[in-house]
Amino acid sequence: MFLSPVLFPVELFPAGWRWLLWLNPMTGPILGYQSALLQGAWPGREVWLALAVWLVLLAGLLSLALARSRDQLADWL
């Protein structure tokens, strides 16, 4: 709950611990929505970077899972 950027603005977190927020995969999308909807501005560079990093990481994990289960995939479908 305390690592969620939905309930608390990022500015309320101590500067030394803000990196911990970016381990949450929803931080980027939530901050992006807040920036666009509440402030009327495009999200900052760090939001786009976090989205890209999480997208690449999840795509890599999905590719690995698909490669490992390719033989059984035809049976599952």
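The values are calculated or read from the model by the stated rules, or taken from the named source; none is laboratory data. In this text the structure is predicted, and so the values were computed from the model without any measurement. Here the Cβ positions follow ideal geometry from the backbone for every residue, glycine too, while neighbour counts run over all protein chains shown. Calculation scope for accessible area: heavy atoms of the full protein, side chains included, ligands and nucleic acids excluded. Shrake-Rupley method; radii C 1.70, N 1.55, O 1.52, S 1.80 Å.
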Scanning the stretch 35-49 for residues that are surrounded by 15 or more Cβ atoms within 10 Å (Cβ to Cβ) and more than 14 Å from the chain's Cα centre (by Cα) gives Ser35
Residues located in the stretch 50-70, provided they are open to solvent by less than 100 Å² (accessible area, probe 1.4 Å) and β-branched (Val, Ile, Thr): Val53
Would you confirm, using the coordinates I've provided, whether Leu73 is modelled with pLDDT under 95 and surrounded by fewer than 11 Cβ atoms within 10 Å (Cβ to Cβ)? yes
Contacts under 6 angstrom Cβ, first residue in the stretch 13-25 being touching a residue at least 60 places away in the same chain (Cβ under 8 Å) and surrounded by 10 or more Cβ atoms within 10 Å (Cβ to Cβ), partner part of a loop (DSSP other than H, G, I, E, B) and among the charged types (D, E, K, R), 6 or more apart: none
What pairs come up if the first residue lies in the stretch 27-48 and is more than 11 Å from Val10 (Cβ to Cβ) and part of a loop (DSSP other than H, G, I, E, B), the second is open to solvent by less than 50 Å² (accessible area, probe 1.4 Å) and of a type outside the set (Lys, Arg), and their beta carbons are under 6 Å apart, counting only those six or more places apart or on different chains? Ala41/Ser35; Pro43/Gly32; Pro43/Ser35
